[in-house]
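Quick notes on the structure that follows.
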Amino acid sequence: MPAVLGAAWALLAAAFLAALLLLVLRRAPAARPGGGSVSSLFQDLIRYGKTKRGCGQRPAWLRLLQVPKRWFTHFYVVSVLWNGFLLIWLFRAEFLRGSLPSWIQHVHRALGRDSQSEDAGNEHFSALLVLLLLWLHSCRRLAECLWTSVFSNGVIHIVQYCFGLGYYIAIGSTVLCQVPTNVRNGKVVSLSHSVPFGDWFERVSCPHYFAELLIYVSMAITLGFHNVTWWCVVMYVLFNQALAAVLSHEFYQKNFSSYPKHRKAFIPFVF
């Protein structure tokens, strides 16, 4: 993950954790008499809709900074449009050999995204899949807001509203920034092999083969332990992928004298 983006999301997570701890430790609504303006603002910022009603009478100046909760719909309008836009550009880059707009590449560099990647093709496809799922989720939520949800007279703070708009722009941009920019023009960076590092590669030479096995095991569990036929399929996948993993593992050991000796071929810590 780009350093700047990672730090931003970590900081945001820490802020919400602090808000949660503060709320739990206080165990008292700030809007009660004598709560103070700062405490009232804190409660107003973390509550919305029905939870805002339970914090008592709010100061008049806070009530001026509220918008209808039904404006939640705007979040998903923005998400459908923005993430749909990113999805189209990434689709073009992945399948039509197009390139991302220059301003997106500038954002990549500004956020500290390393343009070099050993597995750029998989990163492109993964990001494309995540963006597609995010876009479909936003479409579903927009449809619910338009045709299913019945909004009361609840309100949200204007800061919460702006945060929600920014969130759906930031989340899609974060997905896109996981993708290196070095192959956007369709040029091959290198045809030579190198030692992979990071994540599961630190434990096994072929984590993608192990992941393939886990996919089939999960399917078998879904179908039921009694389904002997599918477990036979799992056994086939196990041995098929194990063979391929051993061959790849031997290749790495043969061609790279400094290849980590603690790595297994297929299953972490086992084989």
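Odds and ends about this structure:
- Amide hydrogen neighbours beyond the local backbone of residue 264, cut-off 5 Å, H modeled: 204, 205, 269
- Extension gain, residue 162 to residue 226: 0.36 nm times the residue separation minus the Cα-Cα distance gives 17.9 nm.
- With the highest mean first, a sort of the peptides 20-26, 126-132 on other beta-carbon atoms found within 10 angstrom per residue produces 126-132, 20-26.
- Using the Cβ-Cβ distance between residue 126 and residue 63 with R0 = 45 Å, the FRET efficiency computed as 1/(1 + (r/R0)^6) comes to roughly 0.50.
- Backbone geometry of segment 197-211 corresponds, through the Karplus equation with coefficients 6.51, -1.76 and 1.60 at θ = phi - 60°, to 3J(HN,Hα) couplings of 9, x, 6, 5, 5, 6, 10, 9, 6, 10, x, 5, 5, 5, 4 Hz, x marking Gly and Pro.
- Gyration tensor verdict on segment 199-255 (Cα atoms; rounded if a/c is under 1.5, prolate if a/b is larger than b/c, oblate otherwise): oblate
- Distance between the modelled labels on residue 149 and residue 20, one decimal in nanometres: 2.2 nm (7 Å Cα→Cβ projection).
A short reminder: the numbers here are calculations on the coordinates, not readings from a lab. Since the model is a prediction, treat every value here as computed from it, not as a measurement. Every residue, glycine as well, gets a Cβ built from its backbone with ideal geometry; the counts of neighbours run over all protein chains shown.
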